[in-house]
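Student: Have a look at this one before I ask anything.
The values are calculated or read from the model by the stated rules, or taken from the named source; none is laboratory data. Source: prediction; values computed, not measured. Note that we place each Cβ from the backbone using ideal geometry, even for glycine, and neighbour counts take in every protein chain shown.
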Amino acid sequence: MVRDGYLYALPLLAAAVLLGWLTAPLWATPLVLAALFCLYFFRDPERQIPQEPGLIVSPGDGVVTDVSTVWEAGGQRLRLSIFLSVFDVHVNRTPIAGVVRAVEYRRGKFLNAMSAQSAEDNEQNIVTVEGEGQTLIFKQIAGLIARRIICNKQVGDLVARGERIGLIKFGSRVDVVFDPAAQVRVKKGDRVRGGSSVLAVLPAVLLAVLPTVLPTVLPTVQRTEEQV
């Protein structure tokens, strides 16, 4: 449970007790339900983080809404967008292990996080992580309801893959921008979980695996051709 859950829920429960005492218990029901929702919203479950080298994991829970090529950081990159509804876990995790090279908070609008324009116009926090031979950009983007973005990391911090890095309150979007040569493992409409779902595999790892895979694959291919 994120500490903020208690900060929201306890005052609501106190108000519910007071209202129920002054009037009738039934009138306190909406406040009790609101307190329970806050505890549910700020849940922070443990996740099994994949340990294979070169993986990019999801920074949050939600639905993949876009996989597209964009121009970012001076070059062509892949952008993968994930929409977090108010019913999803909103704790954010770093997609790769490495060093935080930049943290930029950008003021903006509060458009619907499902819209493509929100990636450019909405209030957001942009984190650049360098590691595993790659530079990856991770964006925490506010939505129509979300009004508070929290990032617990600073420039120079070392982060592990899947490590908790922050939180967006009440509905939002997260974008991951990375090397276009990476092999994407998800598609639009897929549901992912922060820290445990693999979004892509970095190209350097794919190249490193080829020398070990080809010796086992080529003999099989040759035998098949001989049979034909």
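Student: Out of (1) on the phi < 0 side of the Ramachandran plot; (2) free of Cβ contacts under 8 Å to residues at least 24 places away in the same chain; (3) out of contact with any strand residue (DSSP E or B) (no Cβ under 7 Å at 6 or more places or on another chain), what's the single condition that is false for residue 86?
Tutor: Status for residue 86: all satisfied but (2).
Student: Report yes if some residue within the stretch 168-179 is hydroxyl-bearing (Ser, Thr, Tyr), at pLDDT 75 or above and closer than 30 Å to residue 8 by Cα; otherwise report no.
Tutor: Yes, the stretch 168-179 contains at least one residue that is hydroxyl-bearing (Ser, Thr, Tyr), at pLDDT 75 or above and closer than 30 Å to residue 8 by Cα.
Student: Okay, moving on. Given the criteria assigned by TED's automatic domain parsing to the domain that holds residue 134, among the basic types (Lys, Arg) and on the phi < 0 side of the Ramachandran plot, does residue 47 qualify?
Tutor: no
Student: Which condition number in (1) of a type in the set (Lys, Arg); (2) assigned to a loop (DSSP other than H, G, I, E, B); (3) more than 16 Å from the chain's Cα centre (by Cα) is the one that residue 77 fails?
Tutor: Residue 77 satisfies all of (1) of a type in the set (Lys, Arg); (2) assigned to a loop (DSSP other than H, G, I, E, B); (3) more than 16 Å from the chain's Cα centre (by Cα) except (2).
Student: Do you know which residues across the stretch 94-144 are of a type in the set (Val, Ile, Thr) and within 14 Å of residue 168 (Cβ to Cβ)?
Tutor: Residues satisfying the conditions are 126, 127, 141.
Student: Okay, next question. Please determine whether any residue of the stretch 101-118 is at pLDDT 90 or above, under 17 Å from the mean Cα position of the chain (by Cα), of a type outside the set (Lys, Arg) and closer than 26 Å to residue 189 by Cβ.
Tutor: No, there is no match, as no residue in the stretch 101-118 is at pLDDT 90 or above, under 17 Å from the mean Cα position of the chain (by Cα), of a type outside the set (Lys, Arg) and closer than 26 Å to residue 189 by Cβ.
Student: Given the structure, is residue 102 touching a residue at least 40 places away in the same chain (Cβ under 8 Å), in the same structural domain as residue 196 (by TED's automatic domain parsing) and surrounded by fewer than 21 Cβ atoms within 10 Å (Cβ to Cβ)?
Tutor: yes
Student: Still on this structure: Can you work out which of the residues in the stretch 80-93 that are in contact with a Pro (Cβ under 9 Å, 6 or more places away or on another chain) and either over 21 Å from residue 1 (Cβ atoms) or outside any strand (DSSP E or B) (or both) is modelled with the highest pLDDT?
Tutor: Result: 82.
Student: Name the one entry in 28, 15 that is buried (at least 18 other Cβ atoms within 10 Å of the Cβ) and in contact with a helix residue (DSSP H, G or I) (Cβ under 9 Å, 6 or more places away or on another chain).
Tutor: Residue meeting the stated conditions: 28.
Student: Another question about this same structure. Which one is nearest to residue 159 (Cα to Cα), of the residues in the stretch 7-55 that are aliphatic (A, V, I, L, M) and part of a loop (DSSP other than H, G, I, E, B)?
Tutor: Among those that are aliphatic (A, V, I, L, M) and part of a loop (DSSP other than H, G, I, E, B), it is 49.
Student: Under the condition of being in contact with a Ser or Thr (Cβ under 7 Å, 6 or more places away or on another chain) and not in a loop (DSSP other than H, G, I, E, B), which residue from the stretch 101-118 is nearest to residue 201 (Cα to Cα)?
Tutor: Ranking the candidates gives 101 first.
Student: Okay, moving on. Which condition from (1) assigned by TED's automatic domain parsing to the domain that holds residue 128; (2) under 15 Å from the mean Cα position of the chain (by Cα); (3) loosely packed, with under 13 Cβ neighbours inside 10 Å is the one that residue 71 breaks?
Tutor: Answer for residue 71: the failing condition is (2).
Student: Of (1) touching a strand residue (DSSP E or B) at 6+ places or on another chain (Cβ under 9 Å); (2) not in a helix (DSSP H, G or I), residue 4 satisfies all except one. Which?
Tutor: (2)
Student: While we're on this one: Suppose we filter the stretch 45-91 for residues that are among the polar types (S, T, N, Q) and closer than 13 Å to residue 161 by Cβ; how many remain?
Tutor: Number satisfying all stated conditions: 3.
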